[in-house]
Amino acid sequence: MTTDSASPADISSMPKAEFAFPGPLLVAAILDGSKTSTTGLLVDYQHEGEPLPEVGNHSVVVDSDDRPVAVIEVTGVRVVPLAQVDLAHVLDEGEGHTGVAEWRAAHERFWHGAEMRAALGDPGFTVDDTTPAVLERFRLVSDLRPTA
């Protein structure tokens, strides 16, 4: 990865990629290459009025202090019912889950949490097997952290 593949102007014009409001462990996994996929909910995109990611799109990953730390490129997007999330996607999320059931339980805790429910404006929000999930694959293009 290079740090000079995107100019500051390019970076400032890119959409932000935030992972779990953003989560430091997920950002670290992106930077070390162990996280190459992520899962969102279609309802979240709809609520925010945001388009789904498209292959070839670039975005800037920010850390918990809203500082740009990386640029990623979308390499694949699928919308599937939550029950159809497969093990390959789960493993590529780089969060240490070794099975789909374990992954699902962890994600349901997040999706059913107060922060997500508040973001959706629905205090009773829940997911089930039919909930449309947005499965995104990406690759790290640039590590923007300063070099020592």
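Find all pairs meeting these conditions: Cβ atoms under 7 angstrom apart; at least six residues apart or on different chains; first residue within the stretch 1-24 and closer than 15 Å to LEU144 by Cβ; second residue surrounded by fewer than 11 Cβ atoms within 10 Å (Cβ to Cβ) and modelled with pLDDT of 65 or more.
Within 7 Å, the pairs are THR3/THR147.
Working only within the stretch 50-74, note down all residues that are surrounded by 15 or more Cβ atoms within 10 Å (Cβ to Cβ) and hydroxyl-bearing (Ser, Thr, Tyr).
SER59
Would you mind finding the one in LEU52, LEU25 that is in a helix (DSSP H, G or I), of a type outside the set (Gly, Ala, Ser) and over 11 Å from the mean Cα position of the chain (by Cα)?
LEU25
Can you tell me which residues in the stretch 60-104 are among the small types (Gly, Ala, Ser), closer than 30 Å to SER7 by Cβ and modelled with pLDDT of 95 or more?
Within the stretch 60-104, just GLY76 meets the criteria.
Across the stretch 99-122, what is the number of residues that are open to solvent by 30 Å² or more (accessible area, probe 1.4 Å) and farther than 27 Å from VAL55 by Cα?
Selection size over the stretch 99-122: 11.
Confirm whether PHE125 is more than 17 Å from the chain's Cα centre (by Cα), surrounded by 18 or more Cβ atoms within 10 Å (Cβ to Cβ) and not in a helix (DSSP H, G or I).
Spelling it out, PHE125 is indeed more than 17 Å from the chain's Cα centre (by Cα), surrounded by 18 or more Cβ atoms within 10 Å (Cβ to Cβ) and not in a helix (DSSP H, G or I).
Out of the residues in the stretch 56-110 that are among the polar types (S, T, N, Q) and not in a helix (DSSP H, G or I), which is nearest to ILE11 (Cα to Cα)?
SER59
Filter the stretch 75-92 for residues that are in contact with a strand residue (DSSP E or B) (Cβ under 7 Å, 6 or more places away or on another chain) and closer than 17 Å to VAL43 by Cα; which is most open to solvent (accessible area, probe 1.4 Å)?
Only one residue fits best here, namely ARG78.
Residues of the stretch 1-27 being in contact with an Asp or Glu (Cβ under 9 Å, 6 or more places away or on another chain), at pLDDT 80 or above and open to solvent by less than 50 Å² (accessible area, probe 1.4 Å), which ones?
LEU26, VAL27
Need the failing condition index for GLU95 against (1) open to solvent by less than 50 Å² (accessible area, probe 1.4 Å); (2) under 13 Å from the mean Cα position of the chain (by Cα); (3) farther than 16 Å from ALA17 by Cα, just the number.
Status for GLU95: all satisfied but (1).
Filter the stretch 28-49 down to residues that are among the β-branched types (Val, Ile, Thr) and either part of a helix (DSSP H, G or I) or open to solvent by 50 Å² or more (accessible area, probe 1.4 Å) (or both), then give me how many there are.
Qualifying residue count, the stretch 28-49: 2.
The values are calculated or read from the model by the stated rules, or taken from the named source; none is laboratory data. In this text the structure is predicted, and so the values were computed from the model without any measurement. As a convention, Cβ positions derive from the backbone with ideal geometry for all residues, glycine included, and neighbour counts pool all protein chains shown. Just so you know, the surface numbers come from the protein's heavy atoms only, side chains and all, with ligands and any DNA or RNA stripped out. Shrake-Rupley method; radii C 1.70, N 1.55, O 1.52, S 1.80 Å.
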